[in-house]
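Down below is the structure, laid out as structure tokens.
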Amino acid sequence: MSAVEQPTMSRRGWLLSERPASRWQASLGRAYATWRRFLANRLGVFGLFIIIVLLSIAAFADQLATYSPVAGDLKNARLLPPSAQHWLGTDDLGRDIYSRIIYGSRLTLVVVMLVAVIAAPVGLLVGTVAGYAGGWTDSVLMRVTDIFLAFPKLILALSFVAALGPGIENAVLAIAITAWPPYARIARAETLTVRSSDYIKVVQQMGASPFRIVLRHIMPMCNSSLIVRVTLDMAGIILTAAGLGFVGLGAQPPLPEWGAMIASGRRFILDQWWVAAMPGMAILIVSLGFNLLGEGLRDALDPRSSDQ
Amino acid sequence: MMMENIAFRSRRWLAGTALSAMLMAAAPAFAVTPADTLVEGFAIDDIITMDPGEAFELSAAEVSANIYDLLVRSDLADTSKFKGDLAESWTISDDRLTYTFKLKPDLKFASGNPVTAEDVAWSFERLVKLDKSPAFILGQFGLNGDNVAEKAKAAAPDTFVFTVDKPYAPSFVLNCLSSTVAAVVDKQVVLEHIKPVTPSVDYKYDNDFGNDWLKTHTAGSGPFKLREWRANEAVVIDRNDSYWGEKAKLARVVYRHMKESSAQRLALEVGDIDVARNLEPNDLDAMAENVNITIASAPKGTVYYISLNQKNPNLAKPEVRQAFKYLIDYDAIGSTLIKGIGEIHQTFLPKGVLGELDENPFKLDVAKAKGLLEKAGLKDGLSVTMDVRNSQPVTGIAESIQQTAGEAGIKIEIIPGDDKQTLTKYRARNHDIYIGQWGQDYFDPNSNSQTFASNPDNSDDGRVQTLAWRNAWDLPDLTKETEAALLEKDSAKRSEMYRHLQKEVLDNSPFALIYQQIEVAGVRSNVNGFKLGPSFDTNFVGNITKE
């Protein structure tokens, strides 16, 4: 019977099967269900679309840019309004703003990715270890987290950059240092809810080391809420990076970092609004994209709203 | 009924304005400035004291110049000449060591006290004994706390005698005496306000010569007197009604602190201020068509340059030094970034100073620079850093040089910082390239010549830290020539020597001078007689009237 029915079973049916035949099928099925929940959220899809566009702009910057992002024609092309030659106008050194924004997307992505790659694992590790170990370890780690949380993010990042010296690498480091504490909090909360559950007890009985338990059995449980939080934070990271660039502590000239571009356009805001407005729009759109994507992911990944 | 209504409305409107002004936490906006008051929007955050014996800031010098009188001032019509201010006449002894000044009759301070040679002598004495930053301008004539009473003394109530230690060029001595440090203060008034000080090794006098009181008060004999100075807010000066000369036309002048060019422009356009003093090129451009506003301008004694640290072996090569001078896009910078606020000027003496050489031989020439670099063995280019202050137009110029130098294979990494950071690094000789400005300390060619073309001791702990020293440029011949020019009594010959020095610096130095500052001000058209002088202490407000 089954041999007859198998080919007619659609791919969708296979994915959503109530009785998955393998682990692999089960996890794929779960992912598919999540994806469908995500697709149902129009705004989330729109956010994803923005991010995909951003990624492709960054990937194909060389093909998309019409001028060099760093070399301009100071004498003849300074502060030109948007036109057919310069789609978004030119800045105070005669550089094409469109090309600068295109190349700036790479910087923005690099900053966001690096911060996520540095801060999320650190927060995850601190949070899960604190949550699982409890006692003194928990108190010490969480008080350290509290200390970091006690400072406003941008101020803390500013002081780190001031100490480390201006530059995009240091900006990334500084933002990462200020970004991990909320992740640690979330990871600890998740850990506390699962640490005394039966499956952990079973693993303990089987003689697994605490290291293995945290790494293989607790961390995966924290992933979904962490991913949501990181995605939602990305807009904030972009803003912090732009803020550092704005006060001259982020990317250094001639790098086309969006925040620095706004800072240099500020002087012309009365007469040449496009110099500051264009990179501002870029930041707005990308931040919006990450926020919408994060919202969509939260709805899709939230286990409490899950129907499985 | 109608009247009431209007009154009611305007009161509400006033309340609204007051509220929004308070909310903005900025200086409150006046609708129209009073007819007998001139309001200038001016970045005055540099002022730290009003004491002419201590102040060495541009804005303070400008205010002081309207409050205090000097013995002599340079003649604004021909800056190579002098005219008496408090002094009616002066004679110079044949050995050029003794200067005797005869004061005008019936001079009075704002307090009503007569101005005597005793006041002049005491003003010099307190300057030298206080020994604050500007004291060197008179100190360089061999004055110190022990001999100042002897070297600057009153021979008679109307005769002041000043003795110098070397036969300097008279133009040099008089130029120094015409800077604000030589301001004459009211001895009687200041003595009433002196504060006792415990003598120490660094400061061996038992009082502060009124330094503390003069910080926020003035005791001068000029056409104005200080009403109040509120740091980062405003300086207010009132007419001195007992002025001995032609009295000021306006009753009051307010210098209102406004930092941003765009804020000044907005305030000027609506009439909140009469004069805007810190306008940037784009705002100047935008106001060119406004019929209510005229633009006043005057070249100032500040020059902007980049300099190459000779401790960096690559930058020390003569070809590389030369190459950098060809890698600045003077034309483009002149027509955009500094349009209206500066003019291209490649020699170290600013326009208007004795001996100025008006030559701008360098142009952007990437091919030539590449050739020079190849000759220096740097065919593949080089990487250097440039310390740049976070303010315009310096950052814009730095980025432009970064671009043009990049075309020749020189990779410049810009290190931004605030004034203090970059200057500290520069003074410690730790930079590669520095971009900065130099304002002359007093209106004499020696001020710039000494700093650009002399370096008596190039060791790291050299005592005289001129700009040449900061860039570790050793130039024994030019140093000697600078010293000789200082003692040359014939003005024509003296200016010839400075021309030669400028030529040498132009061709061989690690300095690439870019432009000379032009000070501009946007002035509302109902203001008459507003004129900017050749230096910051010659922006007089006494002759200004308002319609």
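Summary table below
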item	result
Selection from segment B:153-186 of residues that are among the hydroxyl-bearing types (S, T, Y), within 24 Å of B:P445 (Cα to Cα) and more than 21 Å from the chain's Cα centre (by Cα)	B:T163, B:Y168
Residues located in segment B:284-317, provided they are without any contact (Cβ under 8 Å) to a residue 40 or more places away in the chain and within 19 Å of A:L270 (Cα to Cα)	B:A286, B:A288, B:E289, B:N290
Residues located in segment A:190-225, provided they are among the acidic types (D, E) and surrounded by 11 or more Cβ atoms within 10 Å (Cβ to Cβ)	A:E190
Considering residues of segment B:408-424 that are surrounded by 16 or more Cβ atoms within 10 Å (Cβ to Cβ) and in a helix (DSSP H, G or I) only, the residue farthest from the other protein chains (Cβ to nearest Cβ)	B:L423
Candidates B:V394, B:V366, B:V388, filtered to the one that is within 14 Å of chain A (Cβ to nearest Cβ), of a type in the set (V, I, T) and buried (at least 23 other Cβ atoms within 10 Å of the Cβ)	B:V388
Residue list for segment B:338-363, filter: in a strand (DSSP E or B) and surrounded by 17 or more Cβ atoms within 10 Å (Cβ to Cβ)	B:G342, B:I344
Test: residue in segment B:153-171 that is assigned to a loop (DSSP other than H, G, I, E, B), in contact with a Pro (Cβ under 7 Å, 6 or more places away or on another chain) and of a type outside the set (D, E)	no
Looking only at segment A:52-94, and only at residues there that are among the aliphatic types (A, V, I, L, M), surrounded by 14 or more Cβ atoms within 10 Å (Cβ to Cβ) and away from every other protein chain (no Cβ under 14 Å), the one that is nearest to the chain's Cα centre (by Cα)	A:L54
Where B:T180 falls short, out of the listed (1) of a type in the set (S, T, N, Q); (2) in contact with a helix residue (DSSP H, G or I) (Cβ under 7 Å, 6 or more places away or on another chain); (3) surrounded by fewer than 17 Cβ atoms within 10 Å (Cβ to Cβ)	(3)
Residue in segment A:28-42 that is within 20 Å of A:I227 (Cβ to Cβ) and in contact with a Gly (Cβ under 7 Å, 6 or more places away or on another chain) present	yes
Exclusive hit being modelled with pLDDT under 90 and among the polar types (S, T, N, Q), set B:N211, B:N232, B:N240	B:N232
Looking only at segment B:290-309, and only at residues there that are over 28 Å from A:D91 (Cα atoms), assigned to a loop (DSSP other than H, G, I, E, B) and not β-branched (V, I, T), the one that is farthest from the other protein chains (Cβ to nearest Cβ)	B:N309
Matching residues in segment A:183-202 - criterion: being part of a helix (DSSP H, G or I) and over 21 Å from A:L301 (Cβ atoms)	A:D198, A:I200, A:K201, A:V202
Condition check for B:V270: in the same structural domain as B:Q437 (by TED's automatic domain parsing) and either of a type outside the set (K, R) or at pLDDT below 90 (or both)	no
Breaking point among (1) assigned to a loop (DSSP other than H, G, I, E, B); (2) within 14 Å of chain A (Cβ to nearest Cβ), for B:A316	(2)
Pick from segment A:232-247, criterion over 20 Å from A:Q272 (Cβ atoms) and more than 17 Å from the chain's Cα centre (by Cα), ranking: farthest from the other protein chains (Cβ to nearest Cβ)	A:L244
Spans of helices (runs of 4 or more DSSP H) in segment B:75-152 with at least 2 residues over 21 Å from the mean Cα position of the chain (by Cα)	B:117-130, B:148-151
Qualifying residues in segment B:252-278 (those that are out of contact with any strand residue (DSSP E or B) (no Cβ under 8 Å at 6 or more places or on another chain) and aliphatic (A, V, I, L, M)) - the one farthest from the other protein chains (Cβ to nearest Cβ)	B:V270
Condition broken by A:P253, with the remaining ones in (1) at pLDDT below 85; (2) away from chain B (no Cβ under 14 Å) satisfied	(2)
Within segment B:183-282, helices (runs of 4 or more DSSP H) holding 2 or more residues that are within 26 Å of B:V72 (Cβ to Cβ)	B:187-191, B:211-214
Pick from segment B:279-289, criterion of a type outside the set (D, E) and out of contact with any Ser or Thr (no Cβ under 9 Å at 6 or more places or on another chain), ranking: nearest to the other protein chains (Cβ to nearest Cβ)	B:A286
Index of the failed condition, B:I344 passing every other in (1) within 24 Å of the chain's Cα centre (by Cα); (2) more than 14 Å from chain A (Cβ to nearest Cβ)	(2)
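So that you can scan it fast, the table gives a plain yes or no per residue for (1) in contact with a Ser or Thr (Cβ under 6 Å, 6 or more places away or on another chain); (2) buried (at least 21 other Cβ atoms within 10 Å of the Cβ); (3) of a type in the set (S, T, N, Q):
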position: A:M113; (1), (2), (3): no, no, no
position: A:A157; (1), (2), (3): yes, yes, no
position: A:F160; (1), (2), (3): no, no, no
position: A:P166; (1), (2), (3): no, yes, no
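Results for (1) over 28 Å from A:D91 (Cβ atoms); (2) part of a helix (DSSP H, G or I); (3) in contact (Cβ under 8 Å) with a residue 60 or more places away in the chain, shown as yes or no for each residue.
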site: A:W14; (1), (2), (3): yes, yes, no
site: A:G29; (1), (2), (3): yes, yes, no
site: A:Y32; (1), (2), (3): yes, yes, no
site: A:L43; (1), (2), (3): yes, yes, yes
site: A:I50; (1), (2), (3): no, yes, yes
site: A:S56; (1), (2), (3): no, yes, no
site: A:P69; (1), (2), (3): no, no, yes
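The values are calculated or read from the model by the stated rules, or taken from the named source; none is laboratory data. It should be emphasised that the depicted structure is a prediction, and the values quoted were computed from it without experimental measurement. No Cβ is skipped: glycine too gets one built from the backbone with ideal geometry, and neighbour counts run over all protein chains shown.
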